[in-house]
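Throughout, read-outs are computed from the coordinates displayed, never taken from laboratory work. Predicted model, so just to flag it, every value in this text is computed and none were measured. Backbone-built Cβ (ideal geometry, glycine too); neighbour counts: all protein chains shown.
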Amino acid sequence: MGEALDIEDKLQAFTTEWQAHGASIKAYANLFFGRFIVLMADESRTTVSGCSTDSSVRFIKSLGQTYGIDFFNRQHLAFVVKDKIEVLPMNQLSYAFENGFLNSDTLYFNNLADTKQQLEANWIVPVKDSWLAAKLKVSTQP
């Protein structure tokens with residue numbers, strides 16, 4: 001719990017100082033469920049540039065090094081299983097489905113959301129409503 005609070009403090013400090021070409025970026029960052037970093041920029045005021053994107057990546061990587069977490073590992077996928085967040089390597093998904101650990105109604109954290117609207121509408125969805133349905137040949141029918 002202490003680590004989560006430390007990370008949240010560092011996120012707030014980063015968003016306060018984040019800039020693009022010397023202009024402050026109006027930004028929001030939070031640690032959801034103690035494990036998902038969400039970083040958003042309001043580009044209606046200041047457009048995020050390559051350099052500012054690079055600084056955010058360096059910041060998140062430094063957090064990962066400090067806390068021993070690889071925030072950029074896209075092979076680890078998160079699901080809600082028995083009211084807990086479980087992370088599975090992608091290469092174990094077929095096994096998890098075949099053995100009933102996951103099913104088409106299992107909630108999946110779709111970390112491909114890249115806008116606030118997508119995050120609000122499509123971040124936590126049943127597997128059958130995600131890109132995983134096609135990969136795992138899961139029925140999308142009720």
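Over the chain, Cα pairs under 8 Å with separation of 6+ residues give a relative contact order of 13 percent.
Label sites at ALA23 and THR53, each approximated as a point 7 angstrom past Cα along Cα to Cβ, lie 1.7 nm apart. Using log10 I(q)/I(0) by the Debye sum over Cα atoms at q = 0.08, 0.16, 0.20, 0.21 Å⁻¹ as the read-out, say which of [x] -0.29, -0.80, -1.12, -1.21; [y] -0.27, -0.93, -1.22, -1.29; [z] -0.20, -0.83, -1.33, -1.45 was calculated from these coordinates. Checking each listed value against the structure points to [y]. Comparing Cα centroids, the stretch 1-70 and the stretch 81-133 end up 24 angstrom apart.
When the chain is fully extended, how far beyond the present Cα-Cα distance does ASP83 get from LYS137, taking 0.36 nm per residue of separation?
17.0 nm is the gain from fully extending ASP83 to LYS137.
Sum up the charges of everything whose Cβ sits under 14 Å from the Cβ of GLY100, counting Lys and Arg as +1 and Asp and Glu as -1, but leave GLY100 out. Result for the local shell: -2. Under conditions of 20 °C and 1.002 mPa s, the stretch 1-67 yields 175 µm² s⁻¹ as its translational diffusion coefficient, taking Rh as the Kirkwood radius over Cα pairs in the Stokes-Einstein equation. Gain on full extension, evaluated as 0.36 nm per residue between ARG45 and ALA13 minus their Cα-Cα distance, stands at 9.6 nm. Here the stretch 39-69 is scanned for amide nitrogen atoms under 12 Å from the site 7 Å beyond the Cα of ASN30 along Cα-to-Cβ, giving 39-40.
Using only DSSP helix segments of four residues or longer, with each worth -39500 (n - 2.57), what per-residue ellipticity at 222 nm results for the chain after dividing by its residue count and rounding to 500? It would help to have the intermediate numbers written out before the result.
On the way: 5 runs with 52 residues, N = 142.
The helix contribution divided over the chain gives -11000 deg cm²/dmol.
Residue by residue, the stretch 95-103 carries 3J(HN,Hα) couplings of 4, 4, 6, 4, 9, x, 5, 10, 9 Hz when phi is fed to the Karplus relation 6.51 cos²θ - 1.76 cosθ + 1.60 (θ = phi - 60°); x denotes Gly or Pro. Nearest 10 degrees, 0 to 90: what angle lies between the long axis of helix 50-67 and the longest principal axis of the chain (Cα atoms)? Orientation of helix 50-67: about 70 degrees from the principal axis. Axis of helix 2-17 versus longest Cα principal axis of the chain: the two differ by about 50°, to the nearest ten degrees. Oblate is the label for the stretch 57-122. Its Cα gyration tensor axes, ordered a ≥ b ≥ c, give a/c of at least 1.5 and b/c at or above a/b.
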